1. Go through segment 254-278 and report how many residues are farther than 27 Å from D168 by Cβ and either without any contact (Cβ under 8 Å) to a residue 12 or more places away in the chain or buried (at least 21 other Cβ atoms within 10 Å of the Cβ) (or both).
2. Which of (1) under 18 Å from A258 (Cβ atoms); (2) surrounded by fewer than 19 Cβ atoms within 10 Å (Cβ to Cβ) is the odd one out, the single condition L138 does not satisfy?
3. Please work out if T251 is in a strand (DSSP E or B), farther than 30 Å from L89 by Cα and either touching a residue at least 60 places away in the same chain (Cβ under 8 Å) or charged (D, E, K, R) (or both).
4. From the list E236, E224, which residue is crowded, with 18+ Cβ neighbours inside 10 Å, among the acidic types (D, E), touching a helix residue (DSSP H, G or I) at 6+ places or on another chain (Cβ under 9 Å) and not in a loop (DSSP other than H, G, I, E, B)?
5. With respect to the numbered conditions (1) on the phi > 0 side of the Ramachandran plot; (2) more than 26 Å from the chain's Cα centre (by Cα), which one is the sole condition not fulfilled by G76?
6. Return yes when A121 is in contact (Cβ under 8 Å) with a residue 24 or more places away in the chain and surrounded by fewer than 17 Cβ atoms within 10 Å (Cβ to Cβ) and no when it is not.
7. Does A86 satisfy the condition of being surrounded by fewer than 16 Cβ atoms within 10 Å (Cβ to Cβ), free of Cβ contacts under 8 Å to residues at least 40 places away in the same chain, within 26 Å of I226 (Cα to Cα) and of a type outside the set (S, T, N, Q)?
8. Kindly provide the set of residues from segment 148-203 that are in contact with a Gly (Cβ under 7 Å, 6 or more places away or on another chain), among the hydrophobic types (A, V, I, L, M, F, W, C) and farther than 12 Å from T251 by Cα, ordered by number.
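What follows is calculated from the coordinates using simple rules that are stated; it is not laboratory data. This is a predicted model, so every value here is computed, not measured. All Cβ positions, even for glycine, are placed from backbone atoms using ideal geometry, and neighbour counts span all protein chains on display.
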Amino acid sequence: MRDYSPQTLLDVLGDAMRKVREDDEALREHLLFACALWASSLNLHGKRPMIKGLLVPGRKGWVPATEAMFGEGWSGGHGAIDRTLARFLGRTEAVSPDLVSAADRVVRPAHDICAGTPTDAQTLRRFLEQQGVRHGLLPTYVATFQAVKGQHLNRTSLFPGLWALKLDPDERVQWQSTAQGWPKRRDDLYLTVEYRPTRRRVAMLPGQREYGAFDEESRRLYAELIIHGLDTWAPEALEFHFTGGSDQKGTPWPTPLAAFLSRAPWIPQTGDDEDTPAFTTADRAWWWASAETPPAFLTVASAALRRRQSDRVLKRLELLGVRRWEDPGTAADRLRHLPALPTACPGSATDTSGICCVEPTNRPGLTSFLRTDSATGGDPGSSPNSS
């Protein structure tokens, strides 16, 4: 007796889609039938089935669901980031073949797929989400199993990179410098043992190599997509491991994507200091995580980014080197940062501590903020006499 369970039928549909890859209408019928069967099926654990090899309609053809992204024309709570992705790719795809490829992997609008059928667009969206279609910009993964000797991992300046990535010298230096300060990286590996990436692939972000060619608006859109990604990307997007020989512990290592986010000036800033660059690097950025509006004289990451923050985003930003203003661990950095602010206050006087004595007209609230922050050793708004 043959097994005609929903999972078996869905697997057959996945196989059938790969066999009729050039027949757009047949593929659409297969997809909608799979969606209907999925919606009516629950396994013993109350979960709906996954379909191996499912294809979805992209801009120019059908692509694997696990490589596809939602664009415009989809309802749900992620509609804003879907529109951001569409705007970003519309502005930048001419800059890079990687971005053209990303645009080709954006799923067509729901109304184009469901037209003339009883399929509900929201059901189709939930179906595609479970099958691996993602919101926002997905990393790409470059396959590599290249060996690197332990001595070249112990001293990051000797790290040769990975040939499959075809990095230029500046990108390699960026990767080396990020690895130098990467948390929990070991520098006591066996010198002559050959270490290899355990997952046999490393992550990059479409557009990171062409970032210098983006205009300001494209960079702001890119930053929003990155912050969304920090909340949704798999851990391997930022970190992988080298292991070798009997050393199966090996060492963690940042991906090229993480190196870009650690060293490139991708973070848009807000504040009233006209001399501050519009974008900065992770190690120079300040993040204001409080629900309150930051003082105008403080230069912090833009509100458009902060609106997307979550605990995971904050944790990953810290991994990349971004300092959080409210974090007690950044008190020393804040005290070094704050005395520099009065120098940007024309006409203000300072006392012997270097803090403004006269309220600058272009920095309302600065004097009280500086005194409070310096007196408490860190947290603005807390009382100097609080226990």
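1. At the first step, the residues of segment 254-278 found to be farther than 27 Å from D168 by Cβ are 269-276.
Then keep just the ones that are either without any contact (Cβ under 8 Å) to a residue 12 or more places away in the chain or buried (at least 21 other Cβ atoms within 10 Å of the Cβ) (or both); that gives 274.
So the answer is 1.
2. If we test L138 against (1) under 18 Å from A258 (Cβ atoms); (2) surrounded by fewer than 19 Cβ atoms within 10 Å (Cβ to Cβ), just (2) comes out false.
3. Values: in a strand (DSSP E or B): yes; farther than 30 Å from L89 by Cα: yes; either touching a residue at least 60 places away in the same chain (Cβ under 8 Å) or charged (D, E, K, R) (or both): yes.
Considered against the rule, which asks whether it is in a strand (DSSP E or B), farther than 30 Å from L89 by Cα and either touching a residue at least 60 places away in the same chain (Cβ under 8 Å) or charged (D, E, K, R) (or both), T251 comes out as yes.
4. Working: E236 fails: touching a helix residue (DSSP H, G or I) at 6+ places or on another chain (Cβ under 9 Å).
Exactly one residue qualifies, and that residue is E224.
5. Failing condition for G76: (2).
6. Working: in contact (Cβ under 8 Å) with a residue 24 or more places away in the chain: yes; surrounded by fewer than 17 Cβ atoms within 10 Å (Cβ to Cβ): yes.
Yes; evaluated as a whole, the condition is true for this residue.
7. On the way: surrounded by fewer than 16 Cβ atoms within 10 Å (Cβ to Cβ): no; free of Cβ contacts under 8 Å to residues at least 40 places away in the same chain: yes; within 26 Å of I226 (Cα to Cα): yes; of a type outside the set (S, T, N, Q): yes.
The answer is no for A86.
8. L167, W175, L191, V193
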